[in-house]
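Reviewing the structure listed below.
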Ligand code: NCD
């Protein structure tokens, strides 16, 4: 049984097949209208969401299946102190597939270890958001015609933005992708992505502080919201919240064939005047998100696109040091979960938490 917890859990070839299936669904949605008849998707959303949850639910309903779930931890047994492990064992007895969003990083990973049915990570804290990445890949492939040989600018909260983390990992596996990271000093792309993903694969990247420095050279501009809910220091959020604003004046500096993406919701980072620009692709992106989730559900349920039963062997882990220091890690709230760390280099000098990937 396969899960989707990290954006690299599917190989590049497997992702291609999911995107091809999504294209086929877009061409003829009616042909897929009964594919999930009798199947149930459970959406376990411990953290607020509009589009991701509704997108998953719309995807399952359009496949002829049904949905159940909760949209806040306070209305579920979590408020009584139930663990993720127990919740998915229970829900996995009712449903055929689970989509989970959690404010704690690594929670969907824990769910996948205990669930009797496939688990999809619908966003865990500031860590990963792999189905947004599938959405982004399908959007780029559909609008630019390729997933290789282009420059992508990523702008905004690159520190806490889980969509950025997942997309960087995924795009790094394609030929000739270059990154320009546009962020203030406080919200720069996490060091571990540079050390473990970009540097080993020899990927060209640049870090700049202003949109003006980068906008003229990118093929795709990925705007992101400053992630208010992840800031430990609220005054820092206030200081940084309006640091970037894409407007008509800046769009005039961009290439004629550039596309603007945004996982949404937007706050102030894209002026409404940009919406009418043909290069604004963020509302098209929303629709691609639903189709790609349809394709993913069909794939993980084994109805289309048979996947190999397991991706790779689990990495070796060690149970030291005794605790993960990331305050957002699932291990800080789930008593009894074994602490696990995996080595990030061959010389075994660096370790990261198996669940949230925070440096040990
Ligand atoms: C993103 C998320 O939840 O991480 N939204 C989404 O899923 N479409 C981005 C965000 O909240 O800023």
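Let me confirm something: among 66, 72, which residue is within 15 Å of the ligand (Cβ to nearest atom) and more than 30 Å from residue 220 (Cβ to Cβ)? Among 66, 72, only 72 is within 15 Å of the ligand (Cβ to nearest atom) and more than 30 Å from residue 220 (Cβ to Cβ).
Rundown of residues vs (1) touching a helix residue (DSSP H, G or I) at 6+ places or on another chain (Cβ under 9 Å); (2) surrounded by 11 or more Cβ atoms within 10 Å (Cβ to Cβ); (3) in a strand (DSSP E or B); (4) modelled with pLDDT of 85 or more, yes/no style:
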{"residue": "296", "(1), (2), (3), (4)": "yes, yes, no, yes"}
{"residue": "299", "(1), (2), (3), (4)": "yes, yes, no, yes"}
{"residue": "307", "(1), (2), (3), (4)": "yes, yes, no, yes"}
{"residue": "313", "(1), (2), (3), (4)": "no, no, no, no"}
{"residue": "335", "(1), (2), (3), (4)": "no, no, no, no"}
{"residue": "338", "(1), (2), (3), (4)": "yes, no, no, yes"}
{"residue": "346", "(1), (2), (3), (4)": "no, no, no, no"}
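Residues in the stretch 131-161 that are part of a helix (DSSP H, G or I) and either surrounded by 22 or more Cβ atoms within 10 Å (Cβ to Cβ) or within 14 Å of the ligand (Cβ to nearest atom) (or both): 10 in all. For the stretch 253-266, the set of residues classified as within 11 Å of the ligand (Cβ to nearest atom) and exposed (fewer than 14 other Cβ atoms within 10 Å of the Cβ) consists of 265 only.
Only residues that are at positive phi, in contact (Cβ under 8 Å) with a residue 12 or more places away in the chain and in a loop (DSSP other than H, G, I, E, B): list them for the stretch 40-95, please. Write out each step before concluding.
Taking the stretch 40-95 and keeping what is at positive phi, we get 64, 69, 81.
Okay, now just the ones that are also in contact (Cβ under 8 Å) with a residue 12 or more places away in the chain, so 64, 69.
64, the sole residue that qualifies.
Taking the stretch 110-130 as the range and being more than 20 Å from residue 308 (Cβ to Cβ) and either in a helix (DSSP H, G or I) or free of Cβ contacts under 8 Å to residues at least 24 places away in the same chain (or both) as the test, the residues that pass are 110, 111, 114. Among the residues of the stretch 236-252, those identified as at pLDDT 95 or above, part of a helix (DSSP H, G or I) and loosely packed, with under 14 Cβ neighbours inside 10 Å are 248, 249. Scoring residue 75 on the criteria (1) at pLDDT 95 or above; (2) out of contact with any helix residue (DSSP H, G or I) (no Cβ under 7 Å at 6 or more places or on another chain) leaves a single failure, condition (1).
The single residue among 62, 27 that is touching a helix residue (DSSP H, G or I) at 6+ places or on another chain (Cβ under 8 Å), closer than 21 Å to residue 285 by Cβ and surrounded by fewer than 24 Cβ atoms within 10 Å (Cβ to Cβ) turns out to be 62. Six or more apart or on different chains, Cβ under 7 Å: which pairs go from a residue in the stretch 264-284 that's touching a residue at least 40 places away in the same chain (Cβ under 8 Å) to one that's away from the ligand (no atom under 16 Å from the Cβ)? Could you list them? Matching pairs, first to second residue: 281/143; 281/259.
Across the stretch 218-237, what is the total count of residues that are under 16 Å from residue 156 (Cβ atoms) and more than 16 Å from the ligand (Cβ to nearest atom)?
First, pick out the residues of the stretch 218-237 that are under 16 Å from residue 156 (Cβ atoms): 218, 220-231, 236-237.
Checking which are more than 16 Å from the ligand (Cβ to nearest atom) leaves us with 218, 220, 236.
The qualifying residues number 3.
Taking the criterion of being in contact with a strand residue (DSSP E or B) (Cβ under 8 Å, 6 or more places away or on another chain), part of a loop (DSSP other than H, G, I, E, B) and either in the same structural domain as residue 343 (by TED's automatic domain parsing) or surrounded by fewer than 19 Cβ atoms within 10 Å (Cβ to Cβ) (or both), would at least one residue in the stretch 173-191 satisfy it? Within the stretch 173-191 (the criterion being in contact with a strand residue (DSSP E or B) (Cβ under 8 Å, 6 or more places away or on another chain), part of a loop (DSSP other than H, G, I, E, B) and either in the same structural domain as residue 343 (by TED's automatic domain parsing) or surrounded by fewer than 19 Cβ atoms within 10 Å (Cβ to Cβ) (or both)), the answer is yes, since at least one residue qualifies. Can you say whether residue 172 is at pLDDT 95 or above and farther than 21 Å from residue 208 by Cβ, as far as the supplied structure shows? Spelling it out, it is not the case that residue 172 is at pLDDT 95 or above and farther than 21 Å from residue 208 by Cβ. Of (1) under 30 Å from residue 248 (Cβ atoms); (2) assigned to a helix (DSSP H, G or I); (3) within 16 Å of the ligand (Cβ to nearest atom); (4) out of contact with any strand residue (DSSP E or B) (no Cβ under 7 Å at 6 or more places or on another chain), residue 170 satisfies all except one. Which? All conditions pass for residue 170, except number (1).
The values are calculated or read from the model by the stated rules, or taken from the named source; none is laboratory data. This one's a predicted model, so the numbers in the text were calculated from it and none came from an experiment. All Cβ positions, even for glycine, are placed from backbone atoms using ideal geometry, and neighbour counts span all protein chains on display.
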